[in-house]
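Visitor: One structure, as C-alpha cells, below. Some questions next.
Laboratory data are not the source of any read-out in this text; all were calculated from the coordinates shown. On a predicted model such as this, the values are computed, not experimentally measured, just so you know. Here the Cβ positions follow ideal geometry from the backbone for every residue, glycine too, while neighbour counts run over all protein chains shown.
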Amino acid sequence: MVNRVAQNTSTAETLWMSGNEALALGAVEAGVQVASGYPGTPSTEILENLSDYKSVYCEWAPNEKVALEVAIGASFAGVRALSTMKHVGLNVAADPLFTASYTGVRGGLVVIVADDPSMYSSQNEQDSRNYAYAAKLPMLEPADPAEAKEFLKLAYRLSEQFDTPVLLRSCTRVAHVKGVVAKGAAETSGVTPGLEKNPAKLVMLPAHARGRRVAVGERQQKIAEFAETFAENRVEMGDRAMGFIAAGTSYLYAKEAFPHASFLKLGMVNPLPEKLIRDFASQVDTLYIVEDLDPFIELRVKAMGIACTGKEKVPAIGELSPAVVRKAITGEAGAAVFGPVELPPRPPNMCPGCPHRGLFYNLNRLKVFVSGDIGCYTLGALPPLTAMDTCVCMGASVGMAHGMAKALGAEGLGKAVAVIGDSTFIHSGLTSLINTVYNQSYSTVIILDNRITAMTGQQPNPASGSTIMGEPANAIDFPELCRAIGVKHVRTVNPHDIEATYAVLKEEIERPEPSVVITRFPCVLTPAEKKRPKKPFHSNTANCTGCGMCLKLGCPAISWVALTPAEATAMGKKEKQKGYTIINETMCIGCGQCLTLCKFEAIVAGEGK
C-alpha cells in the first residue's frame, strides 16, 4: 500500500531546495536508475540536478519523444526510470505515452511534466491534466518542494503497484520556489532487472492491444477505488459556509486567501475520488473549485450532478495567486503584500556579442519573410532587428517554409527563409528538411549553430561534443548531415562577419532549389567563450555623427546619448545632431559587428583584457 507523505520531519535532515532540486532528490531516493529528458523551462533543472548524483544515469535526448522511449525501455528492463519535460514537450512525447499506457511497466515509470501558467517562457498555456485523462493514466500534483519529492516516490510505488506509467504535474511556481525538504531513505523497487519476453503485453499488435485495452479499463477501476482512500486526497474541515476543492499550488493560494474555510486537497487529480468529493460537497454550503487553467476538476464535479462554482469566477487564463483567488470569489482584492515598484522597462534581448544578431540584421536588410522557430533567436522578431515573421513550435520553421513554397510557387514565394537553432534542428527540424528535399522545395534553411542549447541555460546537445554527465561525445557534422539527405548547396558562415554573411544569404536565397546556410559561432555564455580573452571596442565620440547604424543591431552594449542643440554645438558637432552612441566596455565582448557598420571611425578596437 502507498504510504502518506511523512508529516513529522523533526528528526530528519532538512534541506532548503527548489522544487526541481527536490524532484531530483526524490528520484535518487526512489531508486531511479535511468533518466532521460529534453531541456525546457520550467523543467530543465530537474535533470541538471539529478546528473550530479552519480548513482543515476542521465541524458539529454534529441527530443521528448526519444526521452520517453528511452525511459520506457529502461522500465521494460526492470529498473525505475524517469522522463522529464515541459508541457509542450508532452505533445511531442504523446505517441509513446498513449501506448505505454497499454503496455504498462516492469520497473516504475514516471513522467514529470511542468506546466507554465501565464507563459513565462512558453508559446502557449497548456493543462497537462488533459493528457492524464486522455491517456488513462494516474496523475499526482504536488503543491510545494517537500510534496514534490515525496509525491515522486509515491508515483513510483503507484506505478509498480498498478502496472502503469504515472504522470507527475509540476508547474513554474513549484519548480522554482524554495522550501524546506526532508531528506529521506533510499528505496528499491523489488523488481529484478533483466529482459523478459512477454509479447502479449509489450508488442502492441492490434490483437494484443485489444486485450491490453481491457486491462487498462480494469486498472482504471482499481485506481479509482484506490483514490478514495489515498491519503494525499485529504479533507480539512473548517468553516462549512465555504468549501474548496483544489490541488497543487491552487490549494495553497485558496488556503491563504480563505484560511478558515473547508478544503478537499487533492494529491491525485486523475482519477478523481468521486465518493470523497460527494461526501465533502454534502458538508459545505457553497462549493468552489479553484484550479489553474482548464476547468478539469470542475467539469467532472459538475458531471457528478454536484453544484459548484469554478471558472464562472476563477480566471481560466494566466497564473493564479492568493490575491487573484480572493478577488475572484469575493470581488475584493484585499491589501497588497508588496506595494507597486516603478521599474524601467527591460525588454528581452540577445546577449552582447550574440552571433544570432548579425544574422537577423542581414535578414532585415534583405527584406525576406522569415519562418521562425523556438530558441534565443526568437528574439530576432523584436525591434530593432524585426526579422522573424512566424513562430509556432519546435521544428516548425522548416516545414512551414516548405508549405509556403508549395502554396505560392517559386515566383510567388519571393524571398523566404527558415531559421532554426542547432538543438531545435536536431529535436524536430531534420525530418522537415528531408521533406523539403524529397518534395523539391525552393526554401533556404538557416541553421543557427551556436554549439549549445542556449535558450534553456547552455545544456549540451548532440552537436556540442559532450553529454550532461560531462563525458566526451560525438558532435554532429551539420554540413555532412545536410549533404547526406540530399541538400546540394550547403554553406557555413561566421555570422559576426556581416558582409560575408550577407553575400552568402543573398546568393542562396535566390536559388530555385533547397539550400542550407549554417551560421556557426559559439554562444557567448558557453564556458569556453567565457574564458576567452575579450577585446572590447570603445567609442570615439568625436567622430560619431549620430547616424544610428550601430543601434540597428540592438546590442545592449551600445547606448544612445541625446543632445540638445547647445550641447551638440559645445561638442563641436552640427547643431542638428540629436545625439551620439557610446559602447559599454564592460558589456562588450569584441564581436566586431558594430565596427562593420560604422563608416566614420567612431568605433575603435580595444587592446584586450
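Visitor: What is the stretch 355-530 by shape, rounded, prolate or oblate, if you read a ≥ b ≥ c off the alpha carbon gyration tensor as root eigenvalues and call it rounded for a/c under 1.5, prolate for a/b larger than b/c, and oblate otherwise?
Guide: Note, shape of the stretch 355-530 comes out prolate.
Visitor: Using alpha carbon centroids, what distance separates the stretch 566-609 and the stretch 128-195, in Å?
Guide: 55
Visitor: Follow-up question, since we're still on this one. Please list 292-302, 471-481 highest first by mean number of surrounding beta-carbon atoms within 10 Å per residue.
Guide: Going by the mean number of other Cβ atoms within 10 Å, highest first, we get 292-302, 471-481.
Visitor: Find, to one decimal place in angstroms, the Kirkwood hydrodynamic radius of the stretch 234-330, where the mean of 1/r is taken over every pair of different Cα atoms and then inverted.
Guide: The Cα-based Kirkwood calculation yields 13.0 Å.
Visitor: Please compute one quarter of the surface area of the Cα convex hull for the stretch 141-240 and express it in square nanometres.
Guide: For the stretch 141-240, averaging the hull's shadow over all directions gives 10.1 nm².
Visitor: What number, in percent, do you get for the relative contact order of the chain if the mean sequence gap of Cα pairs under 8 Å and at least 6 apart is divided by its residue count?
Guide: The normalised contact order for the chain reaches 10 percent.
Visitor: Return the calculated 222 nm mean residue ellipticity for the chain, to the nearest 500 deg cm²/dmol, obtained by summing -39500 (n - 2.57) across DSSP H runs with n ≥ 4 and dividing by the residue count.
Guide: Computed mean residue ellipticity for the chain: -10500 deg cm²/dmol.
Visitor: Does the stretch 464-609 come out rounded, prolate or oblate, given a ≥ b ≥ c as the square roots of the eigenvalues of its C-alpha gyration tensor, rounded meaning a/c under 1.5 and, failing that, prolate meaning a/b above b/c?
Guide: oblate
Visitor: Oh, and also: How big is the shadow of the Cα convex hull of the stretch 45-160, averaged over all directions, in nm²?
Guide: Averaging across all directions leaves 7.2 nm² for the Cα convex hull.
Visitor: Grab the Cα-Cα distance for Lys599 and Ala503, subtract it from 0.36 nm times how many residues apart they are, and report the gain in nm with one decimal.
Guide: 32.7 nm
Visitor: I've got another one for you. Note down the nm distance, to one decimal, between modelled labels 7 Å out along Cα→Cβ at Ala215 and at Tyr53.
Guide: The modelled label-to-label distance comes out at 2.9 nm.
Visitor: Now for a different question. Over the stretch 533-604, what is the relative contact order in percent, taking alpha-carbon pairs closer than 8 angstrom and at least six residues apart?
Guide: Dividing the mean separation by the residue count of the stretch 533-604 yields 48 percent.
Visitor: Mind putting together the pair-distance distribution for the stretch 479-540? All Cα pairs, 5 Å bins, whole percent per bin, short to long.
Guide: Whole-percent P(r) values from 0 Å outward: 4, 14, 18, 18, 16, 12, 9, 6, 3, 1.
Visitor: Of the listed peptides 154-160, 452-458, what is their order by residue-averaged count of other C-beta atoms within 10 Å, with the highest listed first?
Guide: Averaged packing, sorted descending, gives the order 154-160, 452-458.
Visitor: Would you mind putting 60-71, 587-598, 339-350 in packing order, based on average other-beta-carbon counts within 10 Å, highest first?
Guide: Top of the packing list down: 60-71, 587-598, 339-350.
Visitor: Continuing with this model, one more query. Is the C-alpha gyration tensor of the stretch 449-521 telling us rounded, prolate or oblate? Criteria: a/c under 1.5 is rounded; beyond that, a/b larger than b/c is prolate, otherwise oblate.
Guide: Taking the square roots of the gyration eigenvalues as a ≥ b ≥ c, the stretch 449-521 is oblate.
Visitor: Say the cut-off is 26 Å between C-alpha atoms; which of Lys149/Lys327; Lys573/Lys599; Lys255/Lys275; Lys86/Lys406 go over it?
Guide: With Cα atoms farther than 26 Å apart: Lys149/Lys327; Lys86/Lys406.
Visitor: Can you tell me the Rg and Dmax of the stretch 533-604, counting just the alpha carbons, in angstroms?
Guide: 12.1, 41
Visitor: A further question on this structure: Using a 10 Å cut-off around each Cβ, can you sort Arg326, Arg365 from fewest to most neighbouring Cβ atoms?
Guide: Arranged by neighbour count, lowest to highest, Arg326, Arg365 become Arg365, Arg326.
Visitor: Moving to a separate point now. Quick one: Kirkwood hydrodynamic radius for the chain, alpha-carbon pairs, angstrom, one decimal?
Guide: It is 26.9 Å.
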